[in-house]
Amino acid sequence: MKISCLIGSPRKNSNSAAIAAQFTETAASLGATVDTVVLNQLNYRGCQGCMGCKTTSDKCILKDDLAGVLESLKEADIIVMALPVYCSDVPGQFKCFIDRTYSYMKPDYLSNSNPSRVPPGKKLVFILTQGAPVEDLFADIPEGYTRNRIDPALRQTLESVADETQRLLPGRLTRIAGKAPYVEITSMISQDRGRMLVHLVNYDVTLDGTITPARNLKIEALVPAGMKVRSVLYCGNLTALRPVAFRKESPRLISFTADEVGIFGMAVIELE
């Protein structure tokens, strides 16, 4: 069995890539051949609308790093697509790839009973990560890109993926430990790798602007390999950053308490 895995996140070691790795590593241990492609590492353009794939060629005529990927997917038995939500949709890297798959369609695809140049029978594993606290806020994305409505039973299964991911990846994710249904968390590393930022957004706000602060959230932060934490600064209501205590949970994982998150919360983790 051949598995092709496309990583659509621009971030190295992203959450979507970590989830995909759990799938592909397990498949490889069972004998599957796995080929993983990180789209952000390729040099390619989106569809140019030249119609070359419908007039002079049976494949995309652009000569770039994506050309070989498009051909290799035709040979795969299972295709894994793993990506985050950016601006309520897929990242640009992935959208450019999707546009190029127009070359898979035959010139007469609108009337042809067998419209695709891709052999039938393939399986798709679509992995989508998000930071929003409402679980089904972006359910339309996989439905839109697979052109199919998700079966209710499958939806119920997908809604449990976040909890299962945290169970399978203990100590390998920056996360809110515990229940905080209205708080979104994201993290990033500065270019000089001297600090890590953890950003919290509280969506527990009514239409009239009433904010219900989230309180005493335990934050677990995964720091870059080889780095140590010097200090943690936090503010939760647009005030000045102040030092907070932190605990080392493992060689790469620390925890601290965000005592209050109004609309925004920000932690600055100083590294050395």
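Spin-label pair Leu30-Asp64: with each label point 7 Å from Cα along the Cα-Cβ axis, the two points sit 3.6 nm from one another.
Against the chain, whose longest principal axis is taken from its Cα atoms, helix 15-29 shows a tilt of about 60°. From most to least packed by mean Cβ count within 10 Å, the peptides 254-262, 60-68, 112-120 give 254-262, 60-68, 112-120. In sequence order, region 183-190 has phi-based couplings of 10, 9, 10, 9, 9, 7, 10, 5 Hz under the Karplus curve 6.51 cos²θ - 1.76 cosθ + 1.60, θ = phi - 60°, and Gly or Pro positions carry x. Within the shell defined by Cβ-Cβ distances under 9 Å, the residues around Leu222 carry a net charge of +2, with Lys and Arg each +1 and Asp and Glu each -1. The lysines whose alpha-carbon is closer than 30 Å to the alpha-carbon of Lys2, local same-chain residues fewer than 8 away aside, are Lys12, Lys54, Lys59, Lys63, Lys74, Lys95, Lys106, Lys122, Lys123.
What percent does the relative contact order of the chain come to when contacts are Cα pairs within less than 8 Å and at least six residues apart?
It comes to 15 percent, rounded to a whole number.
What you get for the chain, charging only the Cβ of Lys and Arg (+1) and of Asp and Glu (-1), is a dipole of about 620 debye around the Cα centre.
Every read-out reported here was derived from the displayed coordinates using simple, explicitly stated rules and does not represent laboratory data. Given the structure is predicted, the values throughout are model-derived calculations rather than measurements. In this analysis, Cβ positions are derived from the backbone assuming ideal geometry, glycine residues included, and neighbour counts consider all displayed protein chains.
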